[in-house]
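Engineer: If you scroll down you'll find the structure; I have some questions about it.
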Amino acid sequence: MHDVARLAQVSVSTVSYVLTGTRPISQATRDKVLAAMAELDYQPNALARGLASRRSRVLGLLMPMDERGLGATETAFVTGAAAAASDAGYHLVLSPVGGGDLDDLRRLASQRMLDGVVLMEVQLVDERVTVLQETGVPLVLIGRTADTSTLSYVDIDFDQTVREAVAHLVDLGHRRIVYVNHSAATLASGYGPALRTRDAFVAAMTAHGLDPVMIAAEDSAAGGRAALADAFAQAPELTAVLAMNETAIFGILGELTGRGLSVPDDVSVVSMVTSPQVAELATPALTAMTSPGSALGRMAIEALVRHLEGPAERQMDGSAVEHHQQLLPCVLEVRGSTAAPRSRRPRSRRPVGADQ
């Protein structure tokens, strides 16, 4: 650093301010320092910079993971967050911290290695939020708890998403629509998307005067096959399936084929909160409510960075703390897996002289 200062003909403290951004420096001076760094091939030590500024320039993306790893739809959240972090001059670290890892989370928070955290796979009552708030770690959620009054979050607008998915099927003429959700254990755990879509499905079907049937499915192809068998047991006349379970969706399609049923001729299928990559894997390609995962990942990081680099929060009669809270719906993309049910399709007219 002394060599850089000498070559740029500035003080060592000025070089430090250019590196840390802790004080405003004129563009001309900044350019001289950066040119000297380039000439000397000087690479600042990130750890030393962090110690000096009390900032690590590292953000954490915390989400539980199992042996399945990340699918294409989850990956979109991560890539969007990583791109936004890089654009803002931060590193992003992915950490597999779930609701049962509170001790690990406390250790991570106490080490102060992360300037802030984005939390994914949020439950309506999520103890990870409490731990991070107690330890003073800046926090933004991708998802929502039941009480969001003191939290910043971005999330999918599940009410609008489910409403539009049901409307698409109803407009085609479907009246017996079954919703395949995540597993019963996931619902019991308080997982926000599973519970919100369950309630939104009931509301949307009721608004159309239709009977809502929901099936819980394990997150596997076998779970999808079992769920469809259960769906036919409960609604033998079903003509459409709405599913928010990417791992189960291919089991659902396989079970339909095994029963001699064609998609969409016999049963229409809509996959909800899905990436285009997953939708295009199926045959026919799936009509889907496409997840805004990349946009939400980016928005979460941008909100966190604004919090970190903006004025300090004030509370308790000082002034109101503004929290970033935003919802984005999924977007309907119609592909080959939905059509009008057979009973609603116009009959083709026989050409004149066909019997002659």
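Engineer: Just give me the residues in the stretch 266-278 being at pLDDT 95 or above and not β-branched (V, I, T), in sequence order.
Structural biologist: D266, S268, S271, M272 - these are the residues of the stretch 266-278 that are at pLDDT 95 or above and not β-branched (V, I, T).
Engineer: When you look at S262, is it buried (at least 21 other Cβ atoms within 10 Å of the Cβ) and either outside the structural domain of A82 (by TED's automatic domain parsing) or of a type outside the set (D, E, K, R) (or both), yes or no?
Structural biologist: For S262, the condition - buried (at least 21 other Cβ atoms within 10 Å of the Cβ) and either outside the structural domain of A82 (by TED's automatic domain parsing) or of a type outside the set (D, E, K, R) (or both) - is not met.
Engineer: Follow-up question, since we're still on this one. For the stretch 275-298, which residues satisfy the criterion of being among the basic types (K, R) and closer than 23 Å to L172 by Cβ?
Structural biologist: Passing the criteria: none in range.
Engineer: Something else about it: Quick one: which of V178, V140, V162 is modelled with pLDDT of 95 or more, hydrophobic (A, V, I, L, M, F, W, C) and not assigned by TED's automatic domain parsing to the domain that holds T274?
Structural biologist: Step by step, each of V178, V140, V162 is checked, and only V140 is modelled with pLDDT of 95 or more, hydrophobic (A, V, I, L, M, F, W, C) and not assigned by TED's automatic domain parsing to the domain that holds T274.
Engineer: A further question follows. For the stretch 93-144, name all the residues that are within 20 Å of the chain's Cα centre (by Cα), polar (S, T, N, Q) and under 18 Å from L304 (Cβ atoms).
Structural biologist: Answer for the stretch 93-144, where residues must be within 20 Å of the chain's Cα centre (by Cα), polar (S, T, N, Q) and under 18 Å from L304 (Cβ atoms): just S95.
Engineer: Only residues that are within 28 Å of the chain's Cα centre (by Cα), polar (S, T, N, Q) and within 22 Å of S343 (Cα to Cα): list them for the stretch 231-288, please.
Structural biologist: S268, T287
Engineer: How many residues, within the stretch 253-279, are part of a loop (DSSP other than H, G, I, E, B) and in contact (Cβ under 8 Å) with a residue 40 or more places away in the chain?
Structural biologist: 5
Engineer: Which of the residues that make up the stretch 93-115 are of a type in the set (G, A, S), at pLDDT 80 or above and either in a loop (DSSP other than H, G, I, E, B) or exposed (fewer than 15 other Cβ atoms within 10 Å of the Cβ) (or both)?
Structural biologist: Matches in the stretch 93-115: S110 only.
Engineer: Check T148, T197 and return the single one that is surrounded by fewer than 22 Cβ atoms within 10 Å (Cβ to Cβ), of a type in the set (S, T, N, Q) and in contact (Cβ under 8 Å) with a residue 24 or more places away in the chain.
Structural biologist: Answer to the selection: T148.
Engineer: Which of the residues spanning the stretch 58-92 are surrounded by fewer than 17 Cβ atoms within 10 Å (Cβ to Cβ) and within 24 Å of T130 (Cα to Cα)?
Structural biologist: V58, P64, M65, D66 - these are the residues of the stretch 58-92 that are surrounded by fewer than 17 Cβ atoms within 10 Å (Cβ to Cβ) and within 24 Å of T130 (Cα to Cα).
Engineer: Also, quick follow-up: Of D230, D219, which residue is charged (D, E, K, R) and part of a loop (DSSP other than H, G, I, E, B)?
Structural biologist: Of the residues listed, the single one that is charged (D, E, K, R) and part of a loop (DSSP other than H, G, I, E, B) is D219.
Engineer: Out of the strands (runs of 3 or more DSSP E) lying entirely within the stretch 149-216, which hold 1 or more residues that are under 19 Å from the mean Cα position of the chain (by Cα)?
Structural biologist: Answer list for the stretch 149-216: 153-156, 177-181.
The values are calculated or read from the model by the stated rules, or taken from the named source; none is laboratory data. Only a predicted model underlies this, so the values are computations on that prediction, with no experimental measurement involved. Because the Cβ atoms are built from the backbone with ideal geometry, glycine has one as well, and the counts that use them run over all protein chains shown.
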